[in-house]
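Novice: Before we start, here is the structure in question, set down as structure tokens.
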Amino acid sequence: MTETPRPARAGEDAVAEQGRVCALAVRGVRDLQEVIAAHPELFDAAPFDPAMLTSVATAVAAVAPWHTATELRITTRTVLWVFAVDWRVDYLARSVDDVREVVTDCLAVADGAAPPPGRHLARLLADLRDELATVPAFARLRPIWRDELARMLAAMAREWDWKNLPTDPITGRRLPDLDRYLENADNSGNCFVNVTHWIATGDERTLAQLTDLLDAGRGVQRVLRLVNDLATQARDAEWGDLNALSLVDDPAEVHERLVELTARSRGDLAALAERCPRQADYLNRQISFTGGFYQVSDFWGLRGE
């Protein structure tokens with residue numbers, strides 16, 4: 001007697017997607033291990049451990065599970081590269097000249113130059129640039145990609161100044177207020193990763209909406225900045241990082257701003273979904289995944305229970 005197929009129970013599709021996310025993450029980790037092996041000088045610090053690779057690959061898989069592992073490869077590698085830049089600027093740079101060297105090298109590579117000998121960040125960026133150049137759309141969208149890279153590097157350099165120089169040359173203050181801090185959220189690299197992802201994987205309909213997608217992504221980026229800060233205050237204090245909570249007198253101000261920015265982003269994404277539903281979902285999933293992830297862990301290391 002042939003068994004009658006059992007109808008799927010509610011929630012089984014969600015579990016199936018979780019299984020796909022896990023499988024994509026496994027493939028992503030294996031690829032990132034190859035990156036680490038090819039660039040050992042860039043990833044010799046303790047935080048670049050297997051847990052970080054797993055976190056990076058899982059985050060990318062979770063926000064875009066409809067892609068194949070091959071399609072997500074350059075996105076995942078770009079996220080890891082952004083972490084390497086962050087480490088180089090935030091924790092290894094000892095002077096303005098050190099930061100300027102990173103910015104100059106990376107922008108030169110974005111413009112087509114060969115990476116200088118011994119400049120490992122620039123060498124990996126050149127690898128990413130050359131892989132992205134195999135995508136037909138990159139030729140015409142390269143200026144946008146380069147602009148997002150420049151924005152990220154400028155924001156990282158600005159935060160270094162805030163932490164290390166006596167006063168901000170523009171405002172005369174050492175530290176920014178909350179508004180200016182959020183305006184500098186490009187230092188997270190989220191929009192640079194997004195533009196790389198969209199150029200690498202997007203169809204013509206997606207690419208035609210790229211400006212609007214980046215505008216929406218910048219709003220999401222500010223949300224992610226605050227979610228991160230609320231979860232990592234202790235580590236940021238230990239490592240000497242800026243954190244939104246250190247810039248206000250009342251922590252409730254940060255919580256209230258997060259609620260406000262999240263509601264605004266969700267509304268913007270609902271409108272965007274009418275024209276670009278899959279990429280609006282991609283950005284919505286960034287908010288949801290990040291909120292869940294930081295309840296338990298941190299990309300840079302374990303959190304206390």
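The values are calculated or read from the model by the stated rules, or taken from the named source; none is laboratory data. Just so you know, these numbers come straight off a predicted model, no measurement behind them. As a convention, Cβ positions derive from the backbone with ideal geometry for all residues, glycine included, and neighbour counts pool all protein chains shown.
Novice: So is Thr134 out of contact with any Pro (no Cβ under 6 Å at 6 or more places or on another chain), modelled with pLDDT of 95 or more and not in a helix (DSSP H, G or I) or not? Write out each step before concluding.
Specialist: Values: out of contact with any Pro (no Cβ under 6 Å at 6 or more places or on another chain): yes; modelled with pLDDT of 95 or more: yes; not in a helix (DSSP H, G or I): yes.
So Thr134 fits the description; yes.
Novice: Inside the range 189-255, counting only helices (runs of 4 or more DSSP H) that do not spill past its ends, which hold 2 or more residues that are within 19 Å of Asn284 (Cβ to Cβ)?
Specialist: Once the helices (runs of 4 or more DSSP H) in the range 189-255 are filtered for at least 2 residues that are within 19 Å of Asn284 (Cβ to Cβ), what remains is 190-201, 204-208, 210-231.
Novice: Would you call Phe43 among the aromatic types (Phe, Trp, Tyr), more than 17 Å from the chain's Cα centre (by Cα) and at pLDDT 95 or above?
Specialist: Taking the combined requirement at face value, the residue satisfies it.
Novice: Moving to a separate point now. Consider Glu260 carefully, then state whether it is of a type in the set (Asp, Glu), part of a helix (DSSP H, G or I) and closer than 28 Å to Leu165 by Cα.
Specialist: Values: of a type in the set (Asp, Glu): yes; part of a helix (DSSP H, G or I): yes; closer than 28 Å to Leu165 by Cα: no.
Answer is no for this residue.
Novice: Ok, one more. Is one or more of the residues making up the range 238-247 surrounded by 15 or more Cβ atoms within 10 Å (Cβ to Cβ), farther than 24 Å from Val296 by Cα and touching a residue at least 24 places away in the same chain (Cβ under 8 Å)?
Specialist: Scanning the range 238-247, I find at least one residue that is surrounded by 15 or more Cβ atoms within 10 Å (Cβ to Cβ), farther than 24 Å from Val296 by Cα and touching a residue at least 24 places away in the same chain (Cβ under 8 Å), so the answer is yes.
Novice: Now a separate question. Which members of the range 85-98 meet the condition of being in contact (Cβ under 8 Å) with a residue 40 or more places away in the chain, over 13 Å from Phe192 (Cβ atoms) and assigned to a helix (DSSP H, G or I)?
Specialist: Those that are in contact (Cβ under 8 Å) with a residue 40 or more places away in the chain, over 13 Å from Phe192 (Cβ atoms) and assigned to a helix (DSSP H, G or I): Trp87, Val89, Asp90, Tyr91, Val96.
Novice: Follow-up. Under 6 Å by Cβ, and 6 or more places apart or on different chains, what pairs join a residue from the range 172-198 that is touching a residue at least 60 places away in the same chain (Cβ under 8 Å) and farther than 29 Å from Pro143 by Cβ with one that is surrounded by fewer than 23 Cβ atoms within 10 Å (Cβ to Cβ) and among the β-branched types (Val, Ile, Thr)?
Specialist: Qualifying pairs under 6 Å: Leu178/Val248.
Novice: Check off (1) touching a Ser or Thr at 6+ places or on another chain (Cβ under 6 Å); (2) crowded, with 21+ Cβ neighbours inside 10 Å for Val102 and give me the number that stays unchecked.
Specialist: All conditions pass for Val102, except number (1).
Novice: Further question: Quick check: anything in the range 262-272 closer than 20 Å to Ala64 by Cβ, among the small types (Gly, Ala, Ser) and buried (at least 21 other Cβ atoms within 10 Å of the Cβ)?
Specialist: Among the residues of the range 262-272, at least one is closer than 20 Å to Ala64 by Cβ, among the small types (Gly, Ala, Ser) and buried (at least 21 other Cβ atoms within 10 Å of the Cβ), which makes the answer yes.
Novice: Let me ask something else. Looking only at the range 13-56, count how many residues are without any contact (Cβ under 8 Å) to a residue 12 or more places away in the chain and polar (S, T, N, Q).
Specialist: 1
Novice: Further question on the same structure: Test Thr232 against the stated conditions and say whether it is among the hydroxyl-bearing types (Ser, Thr, Tyr) and free of Cβ contacts under 8 Å to residues at least 40 places away in the same chain.
Specialist: no
Novice: Pairs needed: first member in the range 269-291, without any contact (Cβ under 8 Å) to a residue 12 or more places away in the chain and over 17 Å from Val259 (Cβ atoms); second member anywhere, in a helix (DSSP H, G or I) and of a type in the set (D, E, K, R); C-beta distance under 9 Å; at least 6 residues apart or different chains.
Specialist: That search, which allows pairs on different chains as well, returns Ala273/Asp281.
Novice: Of all residues in the range 178-188, count the ones that are part of a helix (DSSP H, G or I) and polar (S, T, N, Q).
Specialist: 2
Novice: If Leu141 satisfies every condition in (1) more than 20 Å from Gln286 (Cβ to Cβ); (2) assigned to a helix (DSSP H, G or I); (3) without any contact (Cβ under 8 Å) to a residue 60 or more places away in the chain but one, which is the exception?
Specialist: Failing condition for Leu141: (3).
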